[in-house]
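Okay, so here's the structure we're looking at.
Each value in this text was obtained by applying a stated rule to the coordinates, not by laboratory testing. Given the structure is predicted, the values throughout are model-derived calculations rather than measurements. Backbone-built Cβ (ideal geometry, glycine too); neighbour counts: all protein chains shown.
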Amino acid sequence: MQKILVARPIFPDVIDRLKQYFDVDWNNGDVLSAEELARRLADKDGALTAGDPVGASTLAAAPRLRVVANMAVGYNNFDMAAFNRANVLGTNTPDVLNESTADFGWALMMAAARRVTESEHWLRAGHWQKWNYDSFLGGDVYGSTLGVIGMGRIGQALARRARGFNMKVIYHNRTRVAEQIETELNAQYVSKEDLLGRADHVVLVLPYTKDSHHTIGAAELALMKPTATLTNIARGGIVDDAALVEALRAKRIAAAGLDVYEGEPNLNPDLLTVPNVVLTPHIASATEATRRAMANLAADNLIAALGAGPRAGQPPNPINPEVLGKART
Ligand code: 8YV
């Protein structure tokens, strides 16, 4: 029987599914260190990860490893150049999380704009004595301008929801999306600078790469309207969190909603001291149905890539399909 490592706690019934095909080593505990991950992978043919870094040294320590299935759409934790050199397949879990993640983008954006968590903390702290005409005044979402940076599948799901809010949608992306999609979403392609200057609510939904590092820093925050909000449901590192803290403190922008952070789960401690930011612990895809779908899709990829199950040899979501069928190096 082929051997696999499941590097994280996941739904036990998905482990049971994997056990039908493989000898499963399941880390149902704390996050594995790089050394521990390499050690546990030494005799494995495949692995299921969720954000765990896998690079050249991990692959070198795992000579039998042929596939790593990430339970995430983002795969910046994989060094794909190293995967390609070693002929190891990487897979991800796109699409199944689009709607839940877009819903959450709206939740954060609206909570930031309407000061939902800030006012709740104030209420819980016992400060509410009377109604005031100017308590927690925020910015409108209905009828405002939404700026989406990263118009992929999740960005499109997010923009589609803007119709019901009668919003103008502007977007920026590495490449312009098809005209038919622009028409359907009533979305206008603009430069990043133009978007930052015009949007009332900026939402980041782009993948993290070396090119997208600090897409939003001090210079970009300075272009935004003082009444605007910034929401990041993409990846930590896309925003310069220290620059954001400064902008929020100075009311350079009105508010922010963050689900992801530089260095998470160890976020910049200054963020915790800023009232006009909504902070959540990387849960945009966290609905019962979506996390189950992601876990099962990661398992489907692993099973198929290791030549088992109904799709043997044809994993549904290969990131580097060019290595399929090539011998491990
Ligand atoms: C994952 C995510 O839950 O899919 C992604 O890229 O950010 C989340 O949905 C998280 O990355 C853990 O793997």
remark   = Straight-line reach check, K326, cutoff 18 Å on alpha carbons, 8 or more apart in-chain or any other chain, hits among aspartates and glutamates -> D45
request  = In whole Hz, with x marking every Gly and Pro, tabulate ³J(HN,Hα) for the stretch 248-264 from phi via Karplus 6.51 cos²θ - 1.76 cosθ + 1.60, θ = phi - 60°.
outcome  = 5, 5, 7, 6, 5, 10, 6, 6, 9, x, 10, 10, 9, 9, 5, x, 4
task = Could you point to the residue in T231, S33, I4 farthest towards the positive end of the chain's charge dipole, with +1 and -1 charges on the Cβ of Lys/Arg and Asp/Glu respectively?
result = I4
ask   = Per-residue ellipticity at 222 nm for the chain, helices alone: DSSP H runs ≥ 4 residues times -39500 (n - 2.57), over residue total, nearest 500 deg cm²/dmol?
value = -9500 deg cm²/dmol
request  = Treat every Asp and Glu Cβ in the chain as -1 and every Lys and Arg Cβ as +1, leave all other atoms uncharged, and give the resulting dipole magnitude about the Cα centre to the nearest 20 debye.
outcome  = 380 debye
task = Quick one: which residues, 5+ away or cross-chain, put their amide H under 5 Å from the amide H of A187? H built at 1.01 Å from N.
result = none
Value of relative contact order over the stretch 98-279, rounded to a whole percent, pairs C-alpha under 8 Å and six or more apart = 22 percent
Hydrodynamic radius (Kirkwood) for the chain, which is based on Cα pairs only, to one decimal in Å = 21.2 Å
query = Taking Cα centroids, how far is the stretch 1-54 from the stretch 168-211 in Å?
reply = 38 Å
ask   = So how many Lys-Lys pairs in the stretch 98-279 land under 20 Å Cα to Cα, not counting same-chain pairs under 8 apart?
value = 5
query = What trypsin sites (Lys or Arg not before Pro) does the stretch 182-211 have in DSSP loop regions with at most 11 other beta carbons within 10 Å?
reply = K210
query = Mean 1/r over all different Cα pairs, inverted: what Kirkwood radius does the stretch 207-313 give, in Å?
reply = 15.7 Å
inquiry  = Tell me which trypsin sites (Lys or Arg not before Pro) from the stretch 231-322 have a DSSP coil assignment and no more than 14 other beta carbons within 10 Å of their own.
reply    = K251, R311
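Would you mind giving the average projected area, over all directions, of the Cα convex hull of the stretch 221-264 in nm² with one decimal? Write out the running numbers ahead of the final one.
On the way: hull surface 11.0 nm².
Directional mean of the projected Cα hull area for the stretch 221-264 stands at 2.8 nm².
Would you kindly calculate the mean projected area, averaged across all directions, of the convex hull enclosing the Cα atoms of the stretch 98-279, in square nanometres?
10.5 nm²
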Relative contact order of the stretch 96-181, pairs being alpha-carbon contacts under 8 Å that are 6 or more residues apart, as % = 31 percent
Relative contact order of the chain, defined on C-alpha pairs under 8 angstrom at six or more residues apart (%) = 19 percent
